[in-house]
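Everything below concerns the one structure shown next.
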Number of protein chains: 4
Amino acid sequence: MTAASSSVTFTGVIPPVATPLLPDGTIDHVSLERLVERLIAEGVSGLFALGSTGETAYFTDDQRVELLTTIVRVNAGRVPIIAGAIELTAPRIIETARRLVAAGAQAIVTTAPLYTLNSAAEVADHFRAIAAAIDVPLWAYDVPVRVHSKLGIDLLVRLGAEGVIHGVKDSSGDDVSFRRLIAANDAAGRPLQLLTGHEVVVDAMALAGADGVVPGFANVEAAGYVRLWDATQRGDWTEARTEQERINRAFDIVFAPQGLSGDATGVGAFKAAMHARGIIDHATMADTVQSLDADTVTRIRQILSEQGMLPVAVS
Amino acid sequence: MTAASSSVTFTGVIPPVATPLLPDGTIDHVSLERLVERLIAEGVSGLFALGSTGETAYFTDDQRVELLTTIVRVNAGRVPIIAGAIELTAPRIIETARRLVAAGAQAIVTTAPLYTLNSAAEVADHFRAIAAAIDVPLWAYDVPVRVHSKLGIDLLVRLGAEGVIHGVKDSSGDDVSFRRLIAANDAAGRPLQLLTGHEVVVDAMALAGADGVVPGFANVEAAGYVRLWDATQRGDWTEARTEQERINRAFDIVFAPQGLSGDATGVGAFKAAMHARGIIDHATMADTVQSLDADTVTRIRQILSEQGMLPVAVS
Amino acid sequence: MTAASSSVTFTGVIPPVATPLLPDGTIDHVSLERLVERLIAEGVSGLFALGSTGETAYFTDDQRVELLTTIVRVNAGRVPIIAGAIELTAPRIIETARRLVAAGAQAIVTTAPLYTLNSAAEVADHFRAIAAAIDVPLWAYDVPVRVHSKLGIDLLVRLGAEGVIHGVKDSSGDDVSFRRLIAANDAAGRPLQLLTGHEVVVDAMALAGADGVVPGFANVEAAGYVRLWDATQRGDWTEARTEQERINRAFDIVFAPQGLSGDATGVGAFKAAMHARGIIDHATMADTVQSLDADTVTRIRQILSEQGMLPVAVS
Amino acid sequence: MTAASSSVTFTGVIPPVATPLLPDGTIDHVSLERLVERLIAEGVSGLFALGSTGETAYFTDDQRVELLTTIVRVNAGRVPIIAGAIELTAPRIIETARRLVAAGAQAIVTTAPLYTLNSAAEVADHFRAIAAAIDVPLWAYDVPVRVHSKLGIDLLVRLGAEGVIHGVKDSSGDDVSFRRLIAANDAAGRPLQLLTGHEVVVDAMALAGADGVVPGFANVEAAGYVRLWDATQRGDWTEARTEQERINRAFDIVFAPQGLSGDATGVGAFKAAMHARGIIDHATMADTVQSLDADTVTRIRQILSEQGMLPVAVS
């Protein structure tokens, strides 16, 4: 990769950009523009395009490029952009990643292989093959609830030391492992930047040494995470905790849906809240994912209202 | 789909065709031709292209089409061909499936979504969306060890009754569930053809009511499975069991590798045995999958030799 | 152990005896006597006391001894009795097992340790410690859905060859592994007797080489399993399958309960059916386990009626 | 329970007392006395007897009472004592718990049922049955890696509001869930005391709102955890983090063993370190659990030495 690209860093608040859709299931570029503008205006330090919150697995490569192109255009270089290339294995990830890099991604993030049955050594070669085939920094995404395997600490730090990966987005649900990863990364000279995806414990993970957070809820309100992160950076842990607890009361919207799938629930709640706040025009979900019913949407609006998050003036 | 295509059936022995590779990782069409000819010569009743044994997850769509094209050409219409379209979600599966149908696949088989977190209702819509978008019969592939969720009996039979799916390849590792699926399918008027992927219990699964088997080991020797299946169809269960037990002694090759991944082990053992028997020219694995060491290959040859399967005259 | 005890064998139909309870939760000895008499009258070849179907985990050692004492007294030596000693670890299993042997158990069956985190070597030592401390044959019970680990084939056959265990009750849900265990046991000179707990595939498992079955449904009707097993022993696989399919239609009672726990569902359905058939006086469940509602009981009676299993004249 | 007993609280540093054994496997009371004296001298605020670190699952009730009796005697009322009653189900837990209360336990902690297959409603009744049968406060222990199910937030807070349980020891490995439990407990008026078992993230969990920690490593050195906890209570998060990071470097001893079971590894490392520091006379493990080899013990001593923890003057 080029010297320029290798110097791209992702620290602080890096929201996973949600994907606004029109009722017919196509991309709602108007809402997407509004969303990206809003995220940047609220002070995020980078954008994570095409992640799980962005429903990327439900989109074709053409759609992914279409999405990323708008995000890159609206961003206009203001913050760095990392894009998810979520595919089965290295050959397919490389195909997707190259298209995303061509469309403006400054870094690529991907997981261990899906569907296949691999050893740690094979997973390492998987990341090596991808890194060798793209000319921007590669990040590893550790999300066992979706990938059904965990990336080991030794594996990650070794790949970092080799220059294969530049950072990790940790959604492993394993704070003990994350703390040990931080220590191992420190001991190795900090080759990796370490972002947590656990948006309800950002204060605690910052205390533990995280370099940033990828909060899905920032699609609903990013300013709180920016304040929270700033508090951690100046060592005001009481303020950080207070802000985190305020956010968490609003984050309860994701527990409003009952009996639906994980994807319908989490992203569904975000989209309902974004719609309620006027950030997107429709709460349409990716095709085959169920929509929230009216009662659930009402409950979500109620939670937002209790937290003083309705109404909001939108840009 | 057309009336012609909907009448394609897959019963009996339907081997998942392995993917011979040259040392540089590209497709070895010469060996693939030899393999397909041999499978048909040994009496298989259909071909399952691009399944797990075929390492399909490691190949791009271009490579998959390249593989399928050779299989279709060599087969020349002698047996029906079903092809795997293994991708993350419906939109991507449809893209792949359409290319495979254009290349000659007479049916498509796929799994529940990967990576995503879906409910049973969403999985049903996933299969409905795919079936509506392709004009050949769709089959469901139930392989929890790779997909990390199980397709329910009610779901499968309902999709069968709707005409969405025409059959199931069951690699669920759950014989109790499979027996109940057979009973539920019978009660519904048999909308589904039910193939087992459990190649060491074909006699038992045939007794239980399976319509056929997808045996990876048939890439090493198909004739035994054909004899076994024929014995079950004429009710000669003692002969079926004897043949199964003979096969199982040879199947022990897959337990020869130690300490390797699931993919390196199973497909690796098959390829080593195919190479030892002269069926393929190289035992090369898909990129990033580790190769067997020399001692393991020796042990595999020894097992084959003990079973009288070396040397063999190849076509 | 004594020469006499080591010669006890368990093959054919060995039902896990259910535990009839009075409405106050104490043991219903009158119903238990009726149940045991009936099982023997219908031709079972042994009794499995204090297994999962017997809700043994919910009873104290005093209650277990009380239960076993009645079973032993009613049996009066007509068939051999094996008893479950289900406890956390070897020291506690030995305490329980000794009391059960004193009460008349002719063999003991137990699982890998519970709650603890052990290696295969430690599990082997666990069985060795227990076998060394009791003077009747020890059996291993493989039930991963409850123990959350699987007993390996090598481990079981090695313990068999050492004389530590005399047999295995397999409720592993893994027919492929069971088939391989049969082959490995054959190759080792058959040190183990191998019983399947998968009561809906007894025909298939007998074809595969099982030595017997432990069917919970035999508490509702044992005669069918005796006929089924006899058919397998004389090689009449068509008759075996027909009987199995008849049983399976009645076994559907265990799928009648909705939304309840595994224990409430399986044992609850058996007890409801036993009560409907007049075999036990109350369908009371062990304390803390929920009871079936009236609609579910009605549905169970309907299934039994459709299968001609109501009414029944009881002894 | 009595008014006195219900007022017992467990906050701050509550170490799970390890079980020193003589080479013949019997309890080493001399070492146990030394250990308890040392823990109290280093400032712990309570003792957690008979937990996983105490290898309680490997001991009979007689041994458990023997252990607890010594702990109670040495403690002589200086700090409150909570004891684990780890058994299969409520009836057996009640038997054990009553003996432990008679021996001086001021509170009892237990898990969801083991081996059985229960619903959340049944688990709630399980805790209710136990609480009703003992006259000291009951605590819930959430340790999915051993129990193979997770205690839900709603369940715990409801049982707290009912007065059934007084606190939770969380070893769930799920920091997100723990943070939500803290919030839900706060919203309910704080019926529960919430201890974390994740001893490498105590600073972070204290920031999140934990009431205390149960650190197994305190058996090796408790003073660090006392300093750490005190720092959190006065809001000195930088000091807390520094102390946590120091502890974590020493805690690396638990990653020294390779290829052993979970129980052999964790408790084995603690015992080796305790022995190296002169706290216990023998590193003997519970019967059937494997011992560390000499190289591993050397590596553990080396880690302790690097952290300035060898030698130590023992009382």
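The values are calculated or read from the model by the stated rules, or taken from the named source; none is laboratory data. Just so it is clear, the model here is predicted, and its values are computed rather than measured. Neighbour counts are summed over all protein chains in view; Cβ atoms, including those assigned to glycine, are modelled from backbone coordinates with ideal geometry. Side chains are part of the model used for accessible areas, which takes the heavy atoms of the whole protein and leaves out ligands, DNA and RNA. Shrake-Rupley method; radii C 1.70, N 1.55, O 1.52, S 1.80 Å.
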Counting only the heavy atoms of the protein chains, how much of residue D:270 is accessible to a 1.4 Å probe, in Å² to the nearest 10?
10 Å²
For the protein assembly as shown, alpha-carbon Rg and Dmax in angstrom
31.2, 88
Considering every residue in C:91-98, what mean count of other chain Cβ atoms within 10 Å of its Cβ is obtained?
3
As I understand it, the value is the acute angle between the Cα axis of helix D:61-75 and the longest principal axis of the Cα atoms of chain D; what does it come to in degrees, rounded to 10?
70 degrees
Shielding by partners, peptide B:259-265 (average Cβ within 10 angstrom, other chains):
5
What does the convex hull of the alpha-carbon atoms of region C:100-231 project to on average, in nm²?
8.6 nm²
Per residue of the protein assembly as shown, what 222 nm ellipticity follows from adding -39500 (n - 2.57) for every DSSP H run with n ≥ 4, rounded to the nearest 500?
-14000 deg cm²/dmol
For all pairs of alpha-carbon atoms in region A:10-236, what percent lies in each bin of width 5 Å, listed from the first bin to the last filled one?
1, 7, 16, 19, 21, 17, 12, 5, 1, 0, 0
Quick one: angle between helix B:223-233 and the longest Cα principal axis of chain B, in degrees between 0 and 90, rounded to 10, please.
40 degrees
Find every distance from the label point of residue D:133 to the corresponding label point in the other copies (7 Å from Cα along Cα→Cβ) and write them in nm, one decimal, shortest first.
2.2, 5.7, 6.0
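Quick check for me: using +1 on Lys/Arg Cβ and -1 on Asp/Glu Cβ, what's the dipole size of the protein assembly as shown about its Cα centre, in debye to the nearest 20?
Details: 100 positive and 148 negative charges, 0 e Å.
Dipole of the protein assembly as shown, to the nearest 20 debye: 0 debye.
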What total accessible surface area, summed over both chains, is buried at the interface between chains D and A, computed with a 1.4 Å probe and given in Å² to the nearest 100?
2000 Å²
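In debye, nearest 20: dipole of region A:229-315 around its Cα centre with unit charges on the Cβ of K, R (+) and D, E (-)?
On the way: 8 positive and 12 negative charges, 25 e Å.
Roughly 120 debye for region A:229-315.
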Once you have the alpha carbon radius of gyration of region C:1-133, what is it after dividing by 2.2 N^0.38 Å, with N set to its residue count?
1.06
Going 7 Å from Cα along the Cα-Cβ axis for the label, what nanometre distances separate residue D:291 from the same residue across the other copies?
4.5, 5.5, 6.9
Could you report the accessible area of residue A:186 in Å², rounded to 10, computed with a 1.4 Å probe on the protein chains as they sit in the structure?
70 Å²
What distance in nm separates the two pseudo spin-label positions at residue D:305 and residue B:233, each 7 Å out from Cα along the beta-carbon direction?
7.3 nm
Cross-link partners of residue D:169 among aspartates and glutamates (Cα-Cα below 15 Å; sequence separation of 8 or more within a chain)
D:142, D:199, D:211
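How many Å² of accessible area per residue for region D:10-236, probe 1.4 Å?
Working: 6110 Å² over 227 residues.
Per residue, region D:10-236 has 27 Å² of solvent-accessible surface.
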Which Cα, out of D:109, D:231, D:193, lies furthest along the positive dipole direction of region D:10-236 (beta carbon charges, K/R +1, D/E -1)?
D:193
Quick one: helix D:262-276 against the long Cα principal axis of chain D, what's the angle to the nearest 10°, folded into 0 to 90?
50 degrees
Peptide A:197-205, shielding by other chains (average Cβ, 10 Å cutoff)
5
Among residues of chain C, the one whose beta-carbon sits nearest the axis that rotates C onto A, given with its distance in integer Å, is C:259, 6
For residue C:109, other-chain or 5+-apart residues with amide H closer than 5 Å (H placed, Pro excluded) are C:83, C:84, C:85, C:139
Once you place label points 7 Å from the Cα toward the Cβ at residue C:73 and residue D:161, how far apart are they in nm?
4.9 nm
For Cα pairs less than 8 Å apart in space and 6+ apart in sequence, what is the mean separation divided by the residue count of chain A, i.e. the relative contact order in percent?
19 percent
Which of A:271/B:150; A:271/D:150; B:150/C:150; A:150/C:150 exceed 26 Å between C-alpha atoms? The answer is A:271/B:150; A:271/D:150
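Calculate the dipole size of region B:10-236 relative to its Cα centre from +1 charges on Lys and Arg beta carbons and -1 charges on Asp and Glu beta carbons; express the result in debye to the nearest 20. Don't skip to the end; give the middle numbers.
On the way: 18 positive and 27 negative charges, 65 e Å.
Dipole about the Cα centre, nearest 20: 320 debye.
Within region B:38-161, what whole-number % of the accessible surface is contributed by carbon and sulfur, with the 1.4 Å probe and all protein chains included in the calculation? Mind dumping the intermediate values first?
Details: 1860 of 3440 Å².
Carbon and sulfur: 54 percent of the exposed surface of region B:38-161.
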In nm to one decimal, list the spacings between the residue A:238 label point and its equivalents in the other copies, with label points set 7 Å along Cα to Cβ, shortest first.
1.6, 8.7, 8.8
As an exercise, take the mean of 1/r over every pair of distinct alpha carbons in region A:168-215, invert it, and state the Kirkwood radius in angstroms.
10.4 Å
